[in-house]
Amino acid sequence: MENETMQTRRDEPGAVPSIVGQAQDFDWASAPDAPHELFLRWLRDATNAGVPEAHAATLSTVDADGLPDARVLTVKDVSGDCGFKIATGDESPKGHQLLTNPNCALTFYWSPLARAVRVRGTAQRATAAESATDFLACHPQTRANALAAPQSSTFSTDASRDELIRQAQAAMELDPGIVSPQWTVWTVIPKSVEFWQGDPNRNHQRLGYIRTKTAWDKQRLWP
């Protein structure tokens with residue numbers, strides 16, 4: 001009975017349908033010279049199609065032991081020449097990892113459109129002024145949490161957590177402009193960007209952009 005149950009569980013992932021989104025038409029020959037233009041176009045397509053949280057991405061980093069780490073966050077902005085802005089506290093795991101090793105990756109997946117985008121590059125730290133402006137634009141609860149304790153730090157009870165948040169909220173009431181000195185905006189400057197258009201028949205379309213010294217080199221990639 002135990003072996004039968006384990007076998008059933010192993011079979012379950014393979015029984016789930018893949019690439020169920022509506023594949024989009026795209027003329028790869030007319031792709032723009034810069035990847036951020038195509039990314040913004042695809043992001044608008046995802047938003048217009050009603051994809052929830054289309055600005056969400058998986059940020060992948062490397063810890064001090066060389067082990068990969070990943071988590072989902074929201075990308076705040078995409079600037080010219082394809083810089084992807086994110087934010088975190090310096091004392092959080094991803095903050096520590098970016099400070100130690102700024103090499104990182106972002107992955108977007110828009111299932112309803114059968115599309116994905118992969119970004120690989122290096123994170124650059126923003127100025128303190130830019131980070132402060134971003135912090136003050138965050139949701140009040142996000143600011144209270146950041147002021148109360150470092151992200152991912154441990155706590156003993158709900159009561160102890162709530163008390164720290166209450167103290168942070170009181171500080172915010174006294175000083176609406178209070179900013180966490182640990183809050184940092186990072187801009188992921190890509191070295192490569194890949195656009196993937198899925199096909200239910202597995203004839204996936206892939207276009208890669210590789211940064212050169214003067215421009216971007218576009219390459220069609222095998223499915």
Could you tell me whether residue 215 is at pLDDT below 95 and within 26 Å of residue 96 (Cβ to Cβ)? no
Kindly indicate the residue of region 102-116 that is touching a helix residue (DSSP H, G or I) at 6+ places or on another chain (Cβ under 7 Å) and assigned to a strand (DSSP E or B) and also farthest from residue 74 (Cα to Cα) among those meeting that condition. 115
Assess whether residue 96 counts as being within 13 Å of the chain's Cα centre (by Cα), open to solvent by 20 Å² or more (accessible area, probe 1.4 Å) and at negative phi. no
Output the residues belonging to region 140-196 that are closer than 30 Å to residue 26 by Cα and touching a Lys or Arg at 6+ places or on another chain (Cβ under 6 Å). 187, 191, 192, 194, 196
Which condition number does residue 119 fail, the rest of (1) open to solvent by less than 50 Å² (accessible area, probe 1.4 Å); (2) in a helix (DSSP H, G or I) being met? (2)
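The values are calculated or read from the model by the stated rules, or taken from the named source; none is laboratory data. As the structure is a computational prediction, the values presented were derived from the model and not from experiment. Glycine gets a Cβ as well: all are built from the backbone with ideal geometry, and neighbour counts include every protein chain shown. Ligands, DNA and RNA are excluded from the accessible area calculation, which covers all protein heavy atoms including side chains. Shrake-Rupley method; radii C 1.70, N 1.55, O 1.52, S 1.80 Å.
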